[in-house]
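> One structure follows; several queries about it will come next.
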Amino acid sequence: MLILGIESSCDETGVALVDASGSGTPRLLGHALHSQIEMHQAYGGVVPELASRDHIRRVLPLTDAVLAQAGLPLSAVDAVGYTRGPGLAGALLVGSGVACALGFALGKPVLGVHHLEGHLLSPFLSADPPEFPFVALLVSGGHTQLMRVDGVGRYELLGETIDDAAGEAFDKSAKLLGLGYPGGPALSKLAQRGDALAYKLPRPLLHSGDLDFSFAGLKTAVLTQVKRLAHASMDGPATTRLADPLSLQQKADVAACVQAAIVEVLVKKSLAAVKLTGLRRLVVAGGVGANALLREQLNAACAKGGLRVHYPELHLCTDNGAMIALAAGLRAQAGLAFTGEEPFAASGYRFDVRPRWPLAELAQPGL
Ligand code: KG4
Ligand code: ZN
């Protein structure tokens, strides 16, 4: 079964083709991605209307590119998976509309996929795929969650952020330091030449005794620290470009401290989740999963505790079409429907999106 996957939930248009024949892990036959980062950079963040319009321009040429990579015609596609949510409503509607139109034109079924399920399952496309059950740390720009995963569609939420997501904490701190958007990669690059012990930043909820996260306070602490440094260097009120008076070394030190604080919380809570569940396997997914310090510290902690840790391939950490095609393929193989819905909207190709959609809603009771 050949499945075309379309991702358009935010600022990346991703298309991919997987072969989900039989019961083996679906195989990636081709994938293509267009990142809108450059377009949004001028605004310091994603402009939803611009995002939607750009998805419209990109999605069909990317589909053609993927089919060319795989050396297959569109008519070879057996089903189309698309990101149904969560994400930006207008952006989701583009992928959903195109997927349903393709499905209708081909007379093939269409499946709306949960974006986080895509991230969660993305390590199955890596050279070292995990086995069920495992604990998953989902760390993206919009979500920070710990889940117990017993199989495809068998997800139990163990803890999540009560305010900002980890990626948001990276992005907002980067903005305060005058770094570009998205902030995570820029901040972690700058942090390499910084001293992670230079300033004291909080580790929110580290000892809360549960598996929840909170990163909003960290952003405020960074703001306070940056203001303090700006005042000291200017001997007066901070300018509107807050970080401008800071030296590159000061910025690097703040970046290193922010990264160390976020990573420490993520590592300790992940290990606590593994301990609580008694499982021996951890899977890390989502954009922040590309962070080198997070990987380094998790690798070390898991090696010490005799645990296995799995990541998606680096280029599949951030949003992409491959994870959506894969999730659709795994769901199809498992014969799974979304709760209360048909798995494939074969009748009517009614397209809808879920800009807000808790992953726990996918849990299959009784499985
Ligand atoms: O999963 P993703 O591509 O999109 C969402 O579903 O949100 O994640 C994007 C997030 C952004 O906040 C970005 O700053 C962060 O992932 N990110 C990183 C790194 N690469 C991407 N954060 C820290 N270090 C990185 N290397
Ligand atoms: Zn994502």
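Quick note: the coordinates plus some simple rules give every number you see, no bench work behind them. Just so it is clear, the structure is predicted and the values come from calculations on it, not from any experiment. Cβ: placed from backbone, ideal geometry, glycine included. Neighbour counts: every protein chain shown.
> What fraction of the DSSP beta bridges in the chain is antiparallel, stated in percent and rounded to the nearest 5? Could the numbers behind the result be given before it?
Details: 26 of 43 bridges.
Counting DSSP beta bridges with both partners in the chain, the antiparallel share is about 60 percent.
> I've got another one for you. What's the FRET efficiency of ALA303 with LEU248 using the Cβ-Cβ distance as r and R₀ = 35 Å, to the nearest 0.05?
0.55
> Determine the gain in length on full extension of the stretch ALA292-ARG57; use 0.36 nm per residue of separation and subtract their C-alpha separation, reporting nm with one decimal.
81.3 nm
> Only Lys, Arg, Asp and Glu count, each charged at its Cβ (+1, +1, -1, -1), so figure out the dipole size of the range 131-311 about its Cα centre, rounded to 20 debye. Don't skip to the end; give the middle numbers.
Values: 21 positive and 16 negative charges, 72 e Å.
The dipole of the range 131-311 has a size of about 340 debye.
> Taking neighbour counts of Cβ atoms within 10 Å as a proxy for exposure, in what order, fewest first, do LYS275, LYS227 appear?
Least to most surrounded, the residues fall as LYS275, LYS227.
> Dipole of the chain, Cα-centred, from +1 at each Lys and Arg C-beta and -1 at each Asp and Glu C-beta, to the nearest 20 debye?
Once rounded to the nearest 20, the dipole reads 640 debye.
> Separate question: Using 12 Å as the cut-off for backbone N distance, which residues of the range 280-308 belong to the label zone defined by a point 7 Å from the Cα of GLN192 along Cα→Cβ?
The answer is 292-293.
> If you average 1/r over all unlike Cα pairs in the chain and invert the result, what Kirkwood radius do you get in angstrom? If you can, show how the numbers build up before the last one.
Working: mean 1/r = 0.0474 Å⁻¹.
Taking the inverse mean of 1/r over all distinct Cα pairs, the chain comes out at 21.1 Å.
> Mean separation of Cα pairs under 8 Å and 6+ residues apart, divided by the residue count of the chain: what relative contact order is that in percent? Before the final figure, lay out the partial values.
Values: 818 pairs, mean separation 91.1, N = 367.
Computed over the chain, the figure is 25 percent.
> Against the 2.2 N^0.38 Å scaling, with N counting residues, where does the range 167-287 land? I'd like the Cα-based Rg ratio to two decimal places. Mind showing how you got there, number by number?
Values: Rg = 15.7 Å, N = 121, 2.2 N^0.38 = 13.6 Å.
Against the empirical 2.2 N^0.38 Å value, I get 1.15 for the range 167-287.
> A further question on this structure: As I understand it, the dipole of the chain uses +1 on the Cβ of Lys and Arg and -1 on the Cβ of Asp and Glu, about the Cα centre. Which of VAL47, HIS143, GLN333 lies farthest toward its positive end?
HIS143
> Contour minus end-to-end for LEU223 and ASP64, with contour as 0.36 nm per residue of separation and end-to-end as the Cα-Cα distance?
Gain on stretching LEU223 to ASP64: 52.7 nm.
> Can you put ARG281, ARG84 in order, fewest other beta carbons within 10 Å first? Kindly include the intermediate steps, with their values, before the conclusion.
On the way: ARG281 19, ARG84 26.
With the sparsest Cβ surroundings first, the list reads ARG281, ARG84.
> Kindly provide the helix-only [θ] at 222 nm of the chain, computed as the sum of -39,500 (n - 2.57) over DSSP H runs of four or more divided by all residues, to the nearest 500 deg cm²/dmol?
-13500 deg cm²/dmol
> Can you give me the span-like helices of the chain, meaning DSSP H runs with 18 Å or more of Cα extent along the axis and Kyte-Doolittle mean at or above 1.6?
89-106
> Which FRET efficiency value, to the nearest 0.05, is calculated for ASP128 and ASP78 with the Förster distance at 22 angstrom and r the Cβ-Cβ distance?
The pair ASP128/ASP78 has a calculated efficiency of 0.20.
> Turning to a different aspect of this structure: In which sequence would SER173, SER208 go, from the one with the fewest C-beta neighbours within 10 Å to the one with the most?
With the sparsest Cβ surroundings first, the list reads SER208, SER173.
> Put a dot 7 Å past each Cα toward the Cβ at ILE162 and ALA101; how far apart are the dots in nm?
Simple spin-label model gives 4.6 nm for this pair.
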